[in-house]
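Working notes, beginning with the structure itself.
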Amino acid sequence: MEAVPGECLLAHGRTPGPFRRPFSIQSRYDMAISTSDAAAYTSNVDWTSVADGVEINAKAWTDEAKQLFPEELLSIIASLHRALNSERMNLLKARKAQQKRYDEGALPGYLPADEHPDAHGDWQVAPLPDDILQRRVEITGPVNNAKMVINMLSRNEDGSMADAAMLDFEDSMKPAWTNVLAGIRNVKEAAEGTLSYTQSATNGRPAKDYNLDPDDMPLLMVRIRGLHLDESNVHVDGEPVSGGLLDLAAVAYHTAQALMNQGKTPKYYVPKVEHYLEARWFNKLFVGVQKALGIPEKTFKATFLIETLPAAFQMEEILYEYRDHAAGLNGGRWDKIFSDIKVLREHDDRVLADRNWINIQRPWMEMYVKQLIRVCHKHGAFGMGGMAPQTPGKTEDLREKQIAGVVDDKKFEASIGHDGCWVSHPYFIGPAMKPFKEKLDAEGKKNQLDVIPDIPEQPDLLPKGGVGPKTVDGIRVNVRVSIGYMKGWNSDIGAVAWDNRMEDLATFEISRAQTWQWLHHSVTLDDGTEVTKELIHRIFEEELEKIEAEARDFFASYGEDAVETHVQRFRKAAKDAERIFTEDAMRPFLACESELFGVDEHKEHLLKHSGC
Ligand SMILES: CC(=O)SCCNC(=O)CCNC(=O)[C@H](O)C(C)(C)COP(=O)(O)OP(=O)(O)OC[C@H]1O[C@@H](n2cnc3c(N)ncnc32)[C@H](O)[C@@H]1OP(=O)(O)O
Ligand SMILES: O=CC(=O)O
Ligand SMILES: [Mg+2]
């Protein structure tokens, strides 16, 4: 076990505001809470009117928020919301209807040839600017963490540096309001080159000042929140705004021009799309934001994650839809595994094996990334590889094994034609860079846009059940991950180092969906044990006991109070995780969690649990 980084408590003032009307609950993505509860939740919050038709949770309207959201930006957000939100809601309804069809037996597949013929024609994405032609290693991390943002954008002591840094509002950031504000602030100051951070002396380490070197920085990219996430603290005409819309508008408002003045392209990542019409929606958002800010058309460049099973069948259509703003696609392998399980949750012939057995070399995963490379390169866009999740282990021996694992993985990615990949920890930038550098430098290339994998036109991308181990230890891994992750999540932290790996929203979701599915199908494990609620409860008890013992040991030097605090947090995390693992209906995303709270609690928790 390793400690999660600094857990913080929210500090927020209270600004009185007018009592606001309940929002239209019909517009919610998933009816996680009942109609009467939804109205009660909303009317139990005080709202402050901040611009024409725009209201903010009074507790969220802090001095920081006032600085980052001037009236001009709020008006831009309001007009984008009015132009785009009903379409977003329809897209989310369509997701739900599609999932119902999958639940009733349908399988995801390629679209009929006549549905989107233009996408399969001979077209190219708009020319890529010079500053995004080399992306061999991109480091990712939570955008709200200033120290990590500076580290992502800096050279390591061993001289290694990523080509790009992806500052993340999605998988690694819990979308709590203070995190959103810190994230916008960090991107603004990073783009200006002024972001700084002072780490006070702790635990034997001396104090340290962190600053950027604007002349020696990787490319800066921002991943905005996905289509499903609301920013529940900001309402326009009584409806919560889209989190991704708010992120893009705010970040571009504060940074796009500054980046362009430095000759840099404003670059974004978009997560979790499921259909080409969603890509069309995001393209409209890019057009709208550029227009509102007086930025020339086709300036923004975006990489979309292909990390859902339905999207894997529509990569060409998706890329086509935002071809004017496309830098490429990225094979988001972790959410893809989550989606494989979630989408096929009712298909008892496709129940997947232990989480640790599923990797990029399983046939349906390998075909998906090769198809991604083929589609991208055919149309002049980058085909980015996936995330190496290692965090450095404590012993030399373990670290050597981890480095070998990263090199193997990235060697495979470079060999099939990826243009670059992701790492989640700076320690692995060098090892991940090595195979790309060796192959591409030898061929005198910055990227592999010229490589087209030789695969069938429509490869089989459906996950197969009936192979691989299904074990009690597999459940233990899922339970352990969930306890470590939920402890961070409950303290507004979106990614944690745990058992020598990075665990974030995507990897937690795999564990949660898999255990739910095994329970739902009463799977018989390889040793004959049947998966039941009782079994899962017993494993939670056993793993919690082990984790408590580890925590008592780990936090001992911080004093008895610290030990008790952390033990209590692990207990709460285990309780929350078990509840989510064993709930009757599988929620679409962890963040759809309003029902974890009663109405009174929700008033306090809205700032921490903006969601869907
Ligand atoms: C599935 C996906 O979507 S992947 C993309 C989303 N997920 C992510 O981006 C997760 C990114 N990774 C992380 O958030 C972090 O690595 C964590 C939380 C898992 C671990 O962070 P820590 O607990 O700080 O790890 P650790 O103690 O090993 O850090 C050592 C140093 O590396 C830095 N560091 C660790 N990870 C990162 C990172 N991703 N970016 C920049 N710096 C980092 C730390 O800030 C620390 O710096 P310091 O020596 O100056 O104090
Ligand atoms: O976002 C990336 C993933 O793997 O999930
Ligand atoms: Mg993801």
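Tell me, please, whether a residue that is at pLDDT 95 or above, surrounded by 14 or more Cβ atoms within 10 Å (Cβ to Cβ) and in contact with a strand residue (DSSP E or B) (Cβ under 9 Å, 6 or more places away or on another chain) can be found in the stretch 541-550.
no
Would you kindly identify the helices (runs of 4 or more DSSP H) lying entirely within the stretch 272-370 that contain at least 3 residues that are away from ligand 3 (no atom under 16 Å from the Cβ) and surrounded by fewer than 19 Cβ atoms within 10 Å (Cβ to Cβ)? Outline the logic, then answer.
Values: elements: 276-292, 309-312, 315-321, 333-343.
Fully inside the stretch 272-370 and qualifying: 276-292.
Between residues in the stretch 413-441 that are assigned by TED's automatic domain parsing to the domain that holds Arg362 and residues that are at pLDDT below 95 and charged (D, E, K, R), which pairs lie under 8 Å by C-beta distance while being six or more apart or on different chains?
Taking only residues 6 or more apart or on different chains, the pairs are Gly430/Asp158.
For the stretch 176-191, check the following and say yes or no: at least one residue is outside any helix (DSSP H, G or I) and either more than 12 Å from ligand 1 (Cβ to nearest atom) or surrounded by fewer than 19 Cβ atoms within 10 Å (Cβ to Cβ) (or both). Break it down stepwise before answering.
Going through the stretch 176-191, the residues outside any helix (DSSP H, G or I) turn out to be 176.
Cutting the leftovers down to either more than 12 Å from ligand 1 (Cβ to nearest atom) or surrounded by fewer than 19 Cβ atoms within 10 Å (Cβ to Cβ) (or both) gives us 176.
Looking for residues that are outside any helix (DSSP H, G or I) and either more than 12 Å from ligand 1 (Cβ to nearest atom) or surrounded by fewer than 19 Cβ atoms within 10 Å (Cβ to Cβ) (or both), one finds at least one in the stretch 176-191, hence yes.
Would a scan of the stretch 208-218 turn up a residue that is more than 13 Å from ligand 1 (Cβ to nearest atom) and within 20 Å of the chain's Cα centre (by Cα)?
The answer is no, given that none of the residues of the stretch 208-218 is more than 13 Å from ligand 1 (Cβ to nearest atom) and within 20 Å of the chain's Cα centre (by Cα).
For the stretch 421-467, which residues satisfy the criterion of being more than 24 Å from the chain's Cα centre (by Cα) and aliphatic (A, V, I, L, M)?
Step one: of the stretch 421-467, the residues more than 24 Å from the chain's Cα centre (by Cα) are 434-460, 464-467.
Within the stretch 421-467, Leu440, Ala442, Leu449, Val451, Ile452, Ile455, Val467 meet the criteria.
Please enumerate the residues belonging to the stretch 318-355 that are among the acidic types (Asp, Glu) and more than 28 Å from Gly465 (Cα to Cα). Steps first, please.
As a first pass, look at the stretch 318-355 and keep what is among the acidic types (Asp, Glu): 321, 324, 335, 340, 346, 348-349, 354.
Hits for the stretch 318-355 are Glu321, Asp324.
Of all residues in the stretch 205-249, count the ones that are under 15 Å from Trp281 (Cα atoms) and either in a loop (DSSP other than H, G, I, E, B) or not assigned by TED's automatic domain parsing to the domain that holds Arg280 (or both).
So the count comes out to 6.
All but one of (1) in contact with a strand residue (DSSP E or B) (Cβ under 8 Å, 6 or more places away or on another chain); (2) touching a residue at least 60 places away in the same chain (Cβ under 8 Å) hold for Ser75; state the number of the condition that does not hold.
(2)
Would you check if Asp163 is away from ligand 1 (no atom under 12 Å from the Cβ), among the acidic types (Asp, Glu), outside the structural domain of Gln67 (by TED's automatic domain parsing) and modelled with pLDDT of 95 or more? Before the answer, list the steps.
Numbers: away from ligand 1 (no atom under 12 Å from the Cβ): yes; among the acidic types (Asp, Glu): yes; outside the structural domain of Gln67 (by TED's automatic domain parsing): yes; modelled with pLDDT of 95 or more: yes.
Criteria met by Asp163.
With the condition kept exactly as written, say whether any residue in the stretch 515-530 is touching a residue at least 24 places away in the same chain (Cβ under 8 Å), buried (at least 20 other Cβ atoms within 10 Å of the Cβ), farther than 21 Å from Gly474 by Cα and among the polar types (S, T, N, Q).
Among the residues of the stretch 515-530, not one is touching a residue at least 24 places away in the same chain (Cβ under 8 Å), buried (at least 20 other Cβ atoms within 10 Å of the Cβ), farther than 21 Å from Gly474 by Cα and among the polar types (S, T, N, Q), which makes the answer no.
Looking for whichever is modelled with pLDDT under 95 and in contact with a strand residue (DSSP E or B) (Cβ under 9 Å, 6 or more places away or on another chain) here; the options are Thr35, Thr42. Which one fits?
Values: Thr35 fails: in contact with a strand residue (DSSP E or B) (Cβ under 9 Å, 6 or more places away or on another chain).
Among Thr35, Thr42, only Thr42 is modelled with pLDDT under 95 and in contact with a strand residue (DSSP E or B) (Cβ under 9 Å, 6 or more places away or on another chain).
Can you tell me which residues in the stretch 411-426 are basic (Lys, Arg) and within 15 Å of ligand 1 (Cβ to nearest atom)? So that I can check it myself, show each step before the final result.
Going through the stretch 411-426, the residues basic (Lys, Arg) turn out to be 411.
Of everything in the stretch 411-426, nothing turns out to be basic (Lys, Arg) and within 15 Å of ligand 1 (Cβ to nearest atom).
Being crowded, with 21+ Cβ neighbours inside 10 Å and under 24 Å from Gly494 (Cα atoms) is the requirement here; does Val241 meet it? Reasoning before the result, please.
Details: crowded, with 21+ Cβ neighbours inside 10 Å: yes; under 24 Å from Gly494 (Cα atoms): yes.
Yes: the conditions hold for Val241.
Please specify each residue of the stretch 83-106 satisfying the condition of being in contact with a Leu (Cβ under 7 Å, 6 or more places away or on another chain) and of a type in the set (A, V, I, L, M).
Leu84, Leu91, Leu92
The values are calculated or read from the model by the stated rules, or taken from the named source; none is laboratory data. Quick caveat: nothing in here was measured; it's all calculated off a predicted structure. Counting neighbours? That spans all protein chains shown, and the Cβs are built from the backbone with ideal geometry, glycine included.
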